[in-house]
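Heads up, the thing below is written out as structure tokens.
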Amino acid sequence: MNVLLNTIPLENWLSTSSLPLVIAGPCSAESEEQVMQTAGELAKIPMVRVFRAGLWKPRTRPGEFEGVGDKGLKWLVRVKQETGLLVTTEVASPFHVEKALTSGIDMVWLGARTVVNPFSVQEIGEALKGSDIPVLVKNPLNPDLTTWMGALERINRNGIRKLAAIHRGFSYYKHSPYRNDPMWEIPIELKRLCPELPVIVDPSHICGNYDLLLPISQRAIDLEMNGLMIESHIRPQEALTDRQQQITPDRLAGLLGRLILRNPVGNDEFQNQLEKLRSEIDKIDQQLIDIITQRMAIVDQIGTYKKENKITILQLKRWNQIFRERLESGLEHGLSRDFIMKLLEAVHEESIQRQINVMNKKD
Ligand code: PEP
Ligand code: MN
């Protein structure tokens, strides 16, 4: 897949001291008091840099709480002025974009339900044109990397260069402990294809439950993701949306404090030691290939010999004996049964194939 994003590195639009970027705040803004109290507590946590709150809420059924709408904009502006936190909210239409831009919201995000629809993303992109507001794009509901990247490209092509992705998990038909399965291979592939693009992980919407937040947040850090978006409410049990997954600012501080932040590069001594070990691995891998090549050359000789003597290729008795002996020896050396079996089977398959080739070769 060919993806061309023209983005500005995260460090250039946020101070590096606030990395990994932590965005926290309630799922929904519910009242001025709830917003101000939550923000006041969150601002005391040094790692929290951005305050989130949904104003226009995408709800599955009509009649549920659909957010406070425009009137919450001034609460967010108050948060910004009184706490110094940056503020962000979800936009799902050009109208939301215009409101966010004119009221001074610092960044906006596109939600999972919006990203599935290229028409909506296009309209939002056009409404954002000409502004230099940072935009965060959540993954679509379904596990579809192309749609996610398509949305990022659409926003980017409208001149938005302060861009990041948010990984909020994917809906999945199989039973899973998560509300939205993390399927880490998808954000990892996104990072491989777009190495400059920051990826922020949203453990709240992945987990759907506060119990699982810590291991998912740690996993995000270990996978070198660039930030976390975690829902936090001053009184989670009273929350009007996503009650199960919100935590108090106090608990959030505890969670962030327990995270082990790893250094992706490490200091010189660490780096040297790592390089030494890696070069040993490189050598051993090369030896493995040499040894397998030697083995296959002997296999070819045996193939020729069998052909001359009109003997069948597959010698089951011999194969069973090899299998038993090698398995035993591998187990003695602490290799797993599953791994040795896969390895032996791959070697055996390749050997049989080479002998078939020898047999088929015209003399
Ligand atoms: C949210 O962030 O509250 C939200 C609605 O998220 P998502 O679009 O990921 O479901
Ligand atoms: Mn939510």
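Residue-by-condition table, conditions (1) within 16 Å of ligand 1 (Cβ to nearest atom); (2) surrounded by 20 or more Cβ atoms within 10 Å (Cβ to Cβ); (3) closer than 24 Å to His96 by Cα; (4) under 20 Å from the mean Cα position of the chain (by Cα):
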site: Leu4; (1), (2), (3), (4): no, no, no, yes
site: Glu11; (1), (2), (3), (4): no, no, no, yes
site: Pro20; (1), (2), (3), (4): no, yes, no, yes
site: Ala29; (1), (2), (3), (4): yes, yes, yes, no
site: Glu32; (1), (2), (3), (4): no, no, yes, no
site: Ala53; (1), (2), (3), (4): yes, yes, yes, no
site: Pro58; (1), (2), (3), (4): yes, no, yes, no
site: Arg61; (1), (2), (3), (4): yes, no, yes, no
Looking at segment 214-221, is at least one residue within 24 Å of Leu5 (Cα to Cα) and not polar (S, T, N, Q)? yes
Cβ-Cβ under 6 Å pairs, at least 6 apart or on other chains, segment 337-351 side over 21 Å from Gly303 (Cα atoms), far side surrounded by 15 or more Cβ atoms within 10 Å (Cβ to Cβ) and of a type in the set (A, V, I, L, M, F, W, C): Ile340/Leu327
Answer yes if at least one residue in segment 66-73 is buried (at least 21 other Cβ atoms within 10 Å of the Cβ), assigned to a loop (DSSP other than H, G, I, E, B) and over 25 Å from the mean Cα position of the chain (by Cα), and no otherwise. yes
Output yes when any residue across segment 171-188 is touching a Phe, Trp or Tyr at 6+ places or on another chain (Cβ under 6 Å) and either within 16 Å of ligand 2 (Cβ to nearest atom) or of a type in the set (Phe, Trp, Tyr) (or both), and no when none is. yes
For segment 1-55, what are the residues that are of a type in the set (Ser, Thr, Tyr) and either part of a loop (DSSP other than H, G, I, E, B) or touching a residue at least 12 places away in the same chain (Cβ under 8 Å) (or both)? Thr7, Ser15, Ser18, Ser28, Ser31, Thr38
Hey, Gly125 in the same structural domain as Leu193 (by TED's automatic domain parsing), surrounded by 16 or more Cβ atoms within 10 Å (Cβ to Cβ) and in contact with a strand residue (DSSP E or B) (Cβ under 6 Å, 6 or more places away or on another chain) or not: no
Return yes when Arg243 is within 11 Å of ligand 2 (Cβ to nearest atom) and charged (D, E, K, R) and no when it is not. yes
Mind listing just one residue for me: the one in segment 83-124 that is part of a loop (DSSP other than H, G, I, E, B), within 16 Å of ligand 2 (Cβ to nearest atom) and among the small types (Gly, Ala, Ser) and, of those, farthest from Met229 (Cα to Cα)? Ala92
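The values are calculated or read from the model by the stated rules, or taken from the named source; none is laboratory data. These figures come from a predicted structure and were not determined experimentally. Cβ coordinates were reconstructed from backbone atoms using ideal geometry, including for glycine residues, and neighbour counts include every protein chain displayed.
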